[in-house]
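Each remark here refers to the structure printed beneath this line.
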Amino acid sequence: MPRINAEIQTPGRRLRSEGKKTDILDAAETLFVTDGYERTTVDAVAARAQVSKRTVYNHFSDKEVIFLQVLGRVHEALLSTIRGAVDEELTPGRDLPEALTAFAHRIVDRAFGSADYLTFRQLMAQRQAVPRLPGAIRDRPLRILEERFAELAADGGIRAPRPRLAAQHFTALTISLAQEALLGDDQDAEPADLNAIITDGVEAFLRAYR
């Protein structure tokens, strides 16, 4: 009988390996948030994950790669929220002002209020020290909205020969202004204030694009 290659992982072994990888990323996320990128070491990540340093290096080549994997994981969770909002709120045939308003509220209420967004902000607050996600990945939230606006334009719902610009304008008039109210000097913004920001932004957007 042919010998089985020792390097081939059985399903159970693969599952254990993926479990250790998740443990490492969970530990690293906690440390990057609490201690910062510069102060977090691979030794500390290994100790918190309760694995050997060699196990960490079996999965990740260095601390920068670990950080980018942590950041990418949180970013993907936020993307899932955005995709869900697009698919469930910006639906064909729905009243457009209602759909756009519901979409903006969904992002502001669910994405900005989520633990994933808080973690993402805490990770990115260390701007001087941390590696950045590639531009193509950072651009994905806008591309998701751009694609749906292109579909709305093709169906005659909006006049948007440049769907990407339309997506940028919509985001600036609604979501970005609401984010500023939540995270800027007016951190105690009331729901009524956010509703007014979004409603006014949707109206301004539709005056330009309808």
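Nothing in this text is a laboratory measurement; each read-out follows from the coordinates by a stated rule. All values derive from a computational prediction rather than experimental measurement. Counting neighbours? That spans all protein chains shown, and the Cβs are built from the backbone with ideal geometry, glycine included.
Highest mean packing comes first when the peptides 148-157, 100-109 are listed by Cβ atoms within 10 Å, giving 100-109, 148-157. The fraction of Cα-Cα pairs per 5 angstrom bin, counted from 0 for the chain, comes to 1, 7, 13, 15, 14, 12, 10, 9, 8, 6, 4, 1, 1, 0, 0 percent, rounded to whole percents.
Protection proxy ranking of 159-170, 131-142, by the mean of other Cβ atoms within 10 Å over each peptide's residues and highest first, is 159-170, 131-142. Label-to-label distance for residue 168 and residue 180 is 1.7 nm, based on points extended 7 Å past Cα in the beta-carbon direction.
Entry for region 30-69 at q = 0.15, 0.23, 0.27, 0.35 Å⁻¹: log10 I(q)/I(0) = -0.29, -0.70, -0.95, -1.32, Debye formula applied to identical alpha-carbon scatterers, no solvent contribution. Of the residues 92, 119, 173, the one whose Cα sits farthest toward the positive end of the charge dipole of the chain, with +1 on the Cβ of Lys and Arg and -1 on the Cβ of Asp and Glu, is 119.
Every helix of 4 or more DSSP H residues in the chain counts as -39500 (n - 2.57), and over all residues that averages to -22000 deg cm²/dmol at 222 nm.
Contact order for region 51-210, expressed relative to its length and based on alpha carbon pairs under 8 Å spaced 6+ residues apart, stands at 23 percent.
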